[in-house]
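*Asks:* I'd like to ask some things about the structure below.
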Amino acid sequence: MKKILEVKNLEVSFDTYAGEVQAVRDVSFDLYEGETLAIVGESGSGKSVTAKSLIRLNPEPPARYKAGEILLHGENILDKKEKEMQKIRGSKIGMIFQDPMTSLNPTMTVGKQIMEALMKHQKVAKSEARKVALEMLRMVQIPNPEKRFDEYPHQFSGGMRQRVMIAIALVCNPQILIADEPTTALDVTIQAQILDLMKNLQEKIKTSIILITHDLGVVAHSAQRIIVMYGGKIVESGTTDQIFYKSRHPYTWGLLNSVPRLDIHKEDGRLDSIEGTPPDLFAPPQGCPFADRCEYAMEICRKKMPPQFETGENHHSACWLNHEFAPKVENPTQIAKKLQKEEVQMREQ
Ligand code: SF4
C-alpha cells in the first residue's frame with residue numbers, strides 16, 4: 001500500500017498562563033492509501049491534538065509545533081502558510097467532528113452548506129454544485145434528499161446531521177478523512193449505522209480514514225490498524241488483531257477490559273475501569289507516563305521512558321515488560337478467556 005501521510009517525531013505544546021502543556025510528545029506514524037487507522041485513548045491522551053495538527057486546526061497560539069514533521073505526499077504541513085492550509089483543508093484532508101450541531105451553520109440550509117464546501121475548493125457552476133450536493137445527500141443515505149436539501153440543521157436528527165457532516169467532508173473527494181469521535185454523541189444503533197456508512201463510502205471513494213475515539217469497541221470492525229495513545233505519547237501500535245488479541249501494554253489491557261464483551265462472563269457483571277488519573281502534562285513524568293496507574297510498574301518504569309519494543313510484525317509497545325529480562329506477564333483478558341474456555345471444556349467432559 002502507498003504511504004500518503006507521514007508523521008515524524010511530532011511535538012505539540014500549548015503555552016498557557018500556568019505554563020507549557022506538553023500535549024503531544026514525540027509521536028510518529030504513517031497512514032496508507034485506503035486504510036482506516038484508529039487513534040485510541042482517553043481524554044487528555046493527545047489523540048485529538050494530534051489529529052487537529054494534521055490540518056493545523058489547533059489555534060496558534062496557544063498551540064506551538066515544537067518539533068517534528070507532518071508530510072503529506074512528501075510536503076511538510078508544518079511549513080505551510082495559513083492560505084495554503086485553507087486549500088488543503090477540505091480538498092485534500094476533510095474532517096468531521098463529534099458534535100455536528102456546533103459544526104453546521106444553523107442559519108444555512110444543509111444543501112447550501114454542501115454546495116459551499118464544494119464551490120470553495122473547485123471551480124464549478126452553481127447548478128453543477130447543486131447536482132453534486134444532492135448526489136452527496138443520496139450517498140450518505142438521507143431519505144428524500146430533494147426535500148431535505150432545503151431544510152436547516154435543526155430539522156435533522158443527530159444521526160442525520162452527522163451524515164450531512166460526512167457529506168460536507170467528502171464532497172471534494174479528500175484523500176484523507178479525519179473523524180474525531182464521530183459517533184460519541186449518538187446512540188448505539190445510529191453509531192453502528194454511521195460507522196457502516198463511513199466504511200461503505202471509503203470503499204467507494206478510496207479515502208484513507210483516521211478515526212479518533214476513546215472507545216476501543218468502536219474501532220473493532222472499522223479499523224485495520226490501531227494506535228493507542230496515553231499521556232501525549234504512542235504507547236502501543238499494531239493491526240486491529242494484534243491490539244485486540246496480542247496486546248503487549250497494560251494500558252491497552254485496561255482499555256480492553258473496559259469494553260463490554262460477550263465472550264467473557266464476569267461474576268459481578270461489572271466492567272473494569274482504570275483506577276487513577278492521567279499524568280500532569282505541565283510536568284510529564286520522566287519515565288513511563290502510565291506508571292502511577294500500572295499494577296505491574298517496576299523501578300525502571302519511573303526512571304526511564306520505555307522505548308518502542310517490537311513485539312510482532314509492525315506491532316510496537318512502549319512498555320518495559322517487553323524487555324527480555326522483565327518478568328513474564330500476560331494480558332489478564334486473555335487469561336480470563338483461557339480459564340473460561342477450560343471451565344466450559346471441563347463441564348462438557
Ligand atoms: Fe507499566 Fe512499566 Fe509497562 Fe509502564 S513500562 S506500562 S509502568 S510495566
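*Asks:* From the set of residues in segment 213-261 that are acidic (Asp, Glu) and out of contact with any helix residue (DSSP H, G or I) (no Cβ under 8 Å at 6 or more places or on another chain), which is least open to solvent (accessible area, probe 1.4 Å)?
*Replies:* Per the criteria, the residue is ASP215.
*Asks:* Give the residue that is least open to solvent (accessible area, probe 1.4 Å), with candidates limited to residues of segment 293-330 that are acidic (Asp, Glu) and within 25 Å of the chain's Cα centre (by Cα).
*Replies:* GLU310
*Asks:* Among the residues of segment 277-292, what is the count of those that are assigned to a helix (DSSP H, G or I) and either more than 10 Å from the ligand (Cβ to nearest atom) or under 24 Å from the mean Cα position of the chain (by Cα) (or both)?
*Replies:* Of the residues in segment 277-292, 1 are assigned to a helix (DSSP H, G or I) and either more than 10 Å from the ligand (Cβ to nearest atom) or under 24 Å from the mean Cα position of the chain (by Cα) (or both).
*Asks:* Please verify whether GLY269 is among the small types (Gly, Ala, Ser), in the same structural domain as ASN322 (by TED's automatic domain parsing) and at pLDDT below 85, treating the condition exactly as stated.
*Replies:* Taking the combined requirement at face value, the residue satisfies it.
*Asks:* What about GLY44, is it touching a Pro at 6+ places or on another chain (Cβ under 6 Å) and of a type outside the set (Asp, Glu)?
*Replies:* yes
*Asks:* Working carefully through the options ILE264, ILE190, ILE210, find the one that is more than 14 Å from the ligand (Cβ to nearest atom), part of a strand (DSSP E or B) and either open to solvent by less than 40 Å² (accessible area, probe 1.4 Å) or at pLDDT below 80 (or both).
*Replies:* ILE210
*Asks:* Can you work out which of the residues in segment 51-71 that are touching a residue at least 40 places away in the same chain (Cβ under 8 Å) and within 18 Å of the chain's Cα centre (by Cα) is farthest from ASN173 (Cα to Cα)?
*Replies:* Among residues in segment 51-71 that are touching a residue at least 40 places away in the same chain (Cβ under 8 Å) and within 18 Å of the chain's Cα centre (by Cα), the one farthest from ASN173 (Cα to Cα) is ASN58.
*Asks:* Among the residues of segment 294-324, which ones are in contact with a Gly (Cβ under 6 Å, 6 or more places away or on another chain), more than 7 Å from the ligand (Cβ to nearest atom), free of Cβ contacts under 8 Å to residues at least 40 places away in the same chain and not in a loop (DSSP other than H, G, I, E, B)?
*Replies:* Correct list: ARG302, LYS303.
*Asks:* Next up: Read through the list (1) open to solvent by 60 Å² or more (accessible area, probe 1.4 Å); (2) modelled with pLDDT of 90 or more; (3) not in a strand (DSSP E or B), then give the number of the only condition that ASP26 fails.
*Replies:* Condition (3) is where ASP26 drops out.
*Asks:* In segment 102-130, what residues are loosely packed, with under 13 Cβ neighbours inside 10 Å and closer than 23 Å to MET160 by Cβ?
*Replies:* THR102, ASN105, PRO106, THR107
The values are calculated or read from the model by the stated rules, or taken from the named source; none is laboratory data. If you're wondering where the values come from, they're calculated on a predicted model, not measured in any experiment. Every residue, glycine as well, gets a Cβ built from its backbone with ideal geometry; the counts of neighbours run over all protein chains shown. What goes into the accessible areas is simple: the full protein's heavy atoms, side chains included, and nothing from ligands, DNA or RNA. Shrake-Rupley method; radii C 1.70, N 1.55, O 1.52, S 1.80 Å.
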